[in-house]
Amino acid sequence: MTESKGLLLVVSGPAGSGKSTVLAEVVKDEAFAYSVSATTRQPRPGEINGVNYHFITREQFEEHVKNGDFVEYTEYVGNCYGTLYSEIKGKTDEGINVILELEVQGAENVKRMFPDAVLVWLLPPNYTTLEQRLRGRGTETDDVITKRMNTAVKELGKFSLYDYVVISENGKPDDAVRSIKEIVNAEKHKVSRTNNFVDNFLNN
Ligand code: 5GP
């Protein structure tokens, strides 16, 4: 009798950590769903509005802030990002594990509001690989790449705030997908997540 509610799974990692590939694979499993964030960033080639992000203007973003629509929001390398309540409400009650892909500040805020949330780092094997992947994407200017590398280093200062770390090795996204699912499974078996287990056990 494990936890039947879905988990809030916060995944953080620098651009180039393989997050998109790995998480796209995880959410093919219907027990998982993405929380699609709102952002003022321009879409990258291949990104789809409503799938990768809700791409909105700064005015629309500010309207959401004013209306209290965000669980949390932040500014990151010059753009705004926010998690909408509407993306998580109801889903966890239905047993769906909701994945929030957040930078560190957002993860910290979510953990404060939802202490049951599970925080996972998804990282490349090392710094050199991170830089290679970031440059290999060819979607950002040198200036943005440098900013993102610096931000990644700074974010690792909060390493121990997280519960788990998963490495996405080159060419092995499936290993990272498996690890994430194993983490969720283990979390659901935690004694601290069971409700009235002993009473139910003894009375049935
Ligand atoms: P990117 O521009 O590479 O898609 O995302 C930049 C950073 O913003 C990543 O670390 C990503 O995880 C984070 N991010 C995406 N959506 C949100 C959000 O809703 N809230 C917060 N706090 N961070 C987000």
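The values are calculated or read from the model by the stated rules, or taken from the named source; none is laboratory data. This is a predicted model, so every value here is computed, not measured. Heads up, the Cβs are rebuilt from the backbone with ideal geometry, glycines too, and the neighbour counts pull from every protein chain shown. For accessibility, only protein heavy atoms count, side chains too; no ligands or nucleic acids. Shrake-Rupley method; radii C 1.70, N 1.55, O 1.52, S 1.80 Å.
Tell me the helices (runs of 4 or more DSSP H) entirely within the stretch 116-192 that contain at least 2 residues that are under 13 Å from Ala15 (Cα atoms).
Working: elements: 127-137, 142-155, 173-188.
Those helices (runs of 4 or more DSSP H) span 127-137, 142-155.
List pairs: first in the stretch 15-26 and free of Cβ contacts under 8 Å to residues at least 12 places away in the same chain, second surrounded by fewer than 21 Cβ atoms within 10 Å (Cβ to Cβ), Cβ under 9 Å, 6+ apart or cross-chain?
Within 9 Å, the pairs are Ala24/Tyr34.
Considering Lys154, Lys172, which residue is loosely packed, with under 12 Cβ neighbours inside 10 Å and not aliphatic (A, V, I, L, M)? Outline the logic, then answer.
Details: Lys172 fails: loosely packed, with under 12 Cβ neighbours inside 10 Å.
Exactly one residue qualifies, and that residue is Lys154.
Can you tell me which residues in the stretch 97-148 are of a type in the set (Val, Ile, Thr) and within 20 Å of the chain's Cα centre (by Cα)? Working first, answer last.
As a first pass, look at the stretch 97-148 and keep what is of a type in the set (Val, Ile, Thr): 98-99, 104, 110, 118, 120, 128-129, 139, 141, 144-146.
Those that are of a type in the set (Val, Ile, Thr) and within 20 Å of the chain's Cα centre (by Cα): Val98, Ile99, Val104, Val110, Val118, Val120.
Taking the stretch 154-188 as the region of interest, how many residues are polar (S, T, N, Q) and touching a residue at least 60 places away in the same chain (Cβ under 8 Å)? Write out each step before concluding.
Of the residues in the stretch 154-188, the ones polar (S, T, N, Q) are 160, 168, 170, 179, 185.
With touching a residue at least 60 places away in the same chain (Cβ under 8 Å) added as a condition, the list becomes 168.
The number of residues fulfilling the criteria is 1.
Among the numbered criteria (1) closer than 22 Å to Ile56 by Cα; (2) within 12 Å of the ligand (Cβ to nearest atom), which one does Ala152 miss?
With respect to (1) closer than 22 Å to Ile56 by Cα; (2) within 12 Å of the ligand (Cβ to nearest atom), Ala152 is out only on (1).
So in the stretch 133-149, with the set limited to residues that are open to solvent by 80 Å² or more (accessible area, probe 1.4 Å) and at pLDDT 85 or above, which one is farthest from the ligand (Cβ to nearest atom)? Spell out how you get there, then give the answer.
First, pick out the residues of the stretch 133-149 that are open to solvent by 80 Å² or more (accessible area, probe 1.4 Å): 135, 137, 141-143, 147.
Okay, now just the ones that are also at pLDDT 85 or above, so 135, 141-143, 147.
On the way: Arg135: 15, Thr141: 14, Asp142: 16, Asp143: 15, Lys147: 11 Å.
Once the filter is applied, the top-ranked residue is Asp142.
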